[in-house]
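Undergrad: Just dropping this structure here.
The values are calculated or read from the model by the stated rules, or taken from the named source; none is laboratory data. This is a predicted model, so every value here is computed, not measured. Cβ placement follows ideal geometry from the backbone for every residue including glycine, while neighbour counts extend to all protein chains displayed.
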Amino acid sequence: MPTPHEAPVTEAEWTIRSAEGDLFAKSWTPETPGAAPIILFHDSLGCVDLWRGFPERLAAGTNRRVIAYDRLGFGRSDTHPGRLQLDFVAAEARDTIPHLCEQLGVGEFVACGHSVGGGMAVETAALFPERCRALVTIAAQAFVEERTLAGIRDAKRGFQDPANVARLARYHGDKARWVLDAWTETWLSPAFADWTLDEALAAVRCPVLALHGDRDEYGSSAHPERIAAGRGAARLLPDTGHVPHREQEALVLDAIRSFLNGR
């Protein structure tokens, strides 16, 4: 919940209609929101509910509307009809964000994403340079690194335990196995090995803040450095792994609030 000096936040749930299926979305809106709203992009196993209290505190701390949504196949959104395509990171910006903005009345916005969601935020900033006022990435990958693949292989072995899949099903229901395979099999596919954000990064025109944990098991500091190079600031968070907004929430909130001040 917001601290006493922060404005109260109103929550609302939404259904985003698209040709591929319905997407679940949720918004957190301060009483008198200020500048451009923040769109959150979740990670490879994530969903709205797994952001937990972060969106509400982000909305209260920045005095901006915050919008999070479940990608197709995740959380409370409809089932994905097949396998992820190799261009799924760029496709999220191209195929989903126009529907979200139109149906939720969003003009200008801030793109903010965690892990692969950070890549989707980059692609969104690149595709909508006139509308994206700022870009924030949290533990994002900019290319396929062996450290990333090693972390995914370790996680895949861990999910051989049915109990771990059952925990994932608390958030994704009977889509849990698809969610897991979409992550591991896409990233570990040889066909995905040459994926990078380089082309999208070259098209980004807004200020950038790239946050990354110094103990991130899915990516080295090369990722935030590449994302921020010539575009903004890379900040390495001490004693932090792959989920900075949970491990160091106050630090992340303060960093984003300071970065967005006046934008």
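Undergrad: Out of all the residues in segment 3-22, which are of a type in the set (S, T, N, Q), farther than 16 Å from residue 62 by Cβ and at pLDDT below 95?
TA: Residue satisfying the conditions is 18 alone.
Undergrad: I would also like to ask the following. Are there any pairs with C-beta distances below 9 angstrom linking a residue in segment 208-225 that is assigned to a helix (DSSP H, G or I) to a residue that is of a type in the set (Asp, Glu), with the two at least 6 apart or on different chains, and if so which?
TA: 222/145; 223/145; 223/216
Undergrad: Additional query: Among the residues in segment 183-198, are any modelled with pLDDT of 95 or more, surrounded by 14 or more Cβ atoms within 10 Å (Cβ to Cβ) and of a type in the set (D, E, K, R)?
TA: yes
To keep it simple, each residue is scored yes or no on (1) in contact with a helix residue (DSSP H, G or I) (Cβ under 6 Å, 6 or more places away or on another chain); (2) within 27 Å of residue 219 (Cα to Cα); (3) of a type outside the set (Phe, Trp, Tyr).
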residue	(1), (2), (3)
72	no, yes, yes
77	no, no, yes
84	yes, yes, yes
93	yes, yes, yes
99	no, no, yes
110	no, yes, yes
113	yes, yes, yes
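Undergrad: Across segment 49-66, what is the total count of residues that are closer than 22 Å to residue 116 by Cα, in contact with a strand residue (DSSP E or B) (Cβ under 7 Å, 6 or more places away or on another chain) and surrounded by fewer than 24 Cβ atoms within 10 Å (Cβ to Cβ)?
TA: 3
Undergrad: Which residues, counting only those in segment 8-31, are surrounded by fewer than 18 Cβ atoms within 10 Å (Cβ to Cβ) and in contact (Cβ under 8 Å) with a residue 12 or more places away in the chain?
TA: Within segment 8-31, 8, 10, 11, 12, 13, 14, 17, 18, 20, 21, 22, 31 qualify.
Undergrad: Can you tell which of 46, 75, 34, 61 is in contact (Cβ under 8 Å) with a residue 60 or more places away in the chain and over 16 Å from the mean Cα position of the chain (by Cα)?
TA: That would be 61, the only listed residue that is in contact (Cβ under 8 Å) with a residue 60 or more places away in the chain and over 16 Å from the mean Cα position of the chain (by Cα).
Undergrad: Of everything in segment 74-89, what is buried (at least 17 other Cβ atoms within 10 Å of the Cβ) and within 22 Å of residue 137 (Cβ to Cβ)? Give them in sequence order.
TA: Passing the criteria: 74, 75, 84, 88, 89.
Undergrad: Scan 25, 35, 60 and give me the residue that is among the hydrophobic types (A, V, I, L, M, F, W, C), at pLDDT below 95 and over 20 Å from residue 139 (Cα atoms).
TA: 35 is the lone residue from the list that is among the hydrophobic types (A, V, I, L, M, F, W, C), at pLDDT below 95 and over 20 Å from residue 139 (Cα atoms).
Undergrad: Would you mind finding the one in 87, 95 that is within 15 Å of residue 19 (Cβ to Cβ) and out of contact with any Ser or Thr (no Cβ under 6 Å at 6 or more places or on another chain)?
TA: 95
Undergrad: Scan segment 102-121 for residues that are under 19 Å from residue 257 (Cα atoms) and buried (at least 24 other Cβ atoms within 10 Å of the Cβ) and report the count.
TA: Matching residues across segment 102-121 total 8.
Undergrad: Let me ask something additional. Hey, can you tell me all the residues within segment 125-155 that are hydroxyl-bearing (Ser, Thr, Tyr) and within 11 Å of the chain's Cα centre (by Cα)?
TA: Correct list: 137 only.
Undergrad: Something else: Within segment 212-263, restricting attention to residues that are acidic (Asp, Glu) and surrounded by fewer than 21 Cβ atoms within 10 Å (Cβ to Cβ), which residue is farthest from residue 33 (Cα to Cα)? Break it down stepwise before answering.
TA: First pass over segment 212-263, keeping only residues acidic (Asp, Glu): 214, 216-217, 225, 239, 247, 249, 254.
Filter again for surrounded by fewer than 21 Cβ atoms within 10 Å (Cβ to Cβ), leaving 214, 217, 225, 239, 247, 249, 254.
On the way: 214: 33, 217: 36, 225: 32, 239: 33, 247: 27, 249: 22, 254: 18 Å.
Once the filter is applied, the top-ranked residue is 217.
Undergrad: Would you pick out the residues in segment 122-144 that are in a helix (DSSP H, G or I) and either modelled with pLDDT under 95 or among the polar types (S, T, N, Q) (or both)?
TA: To start, the set of residues in segment 122-144 that are in a helix (DSSP H, G or I) comprises 122-127.
Selection gives 124 alone.
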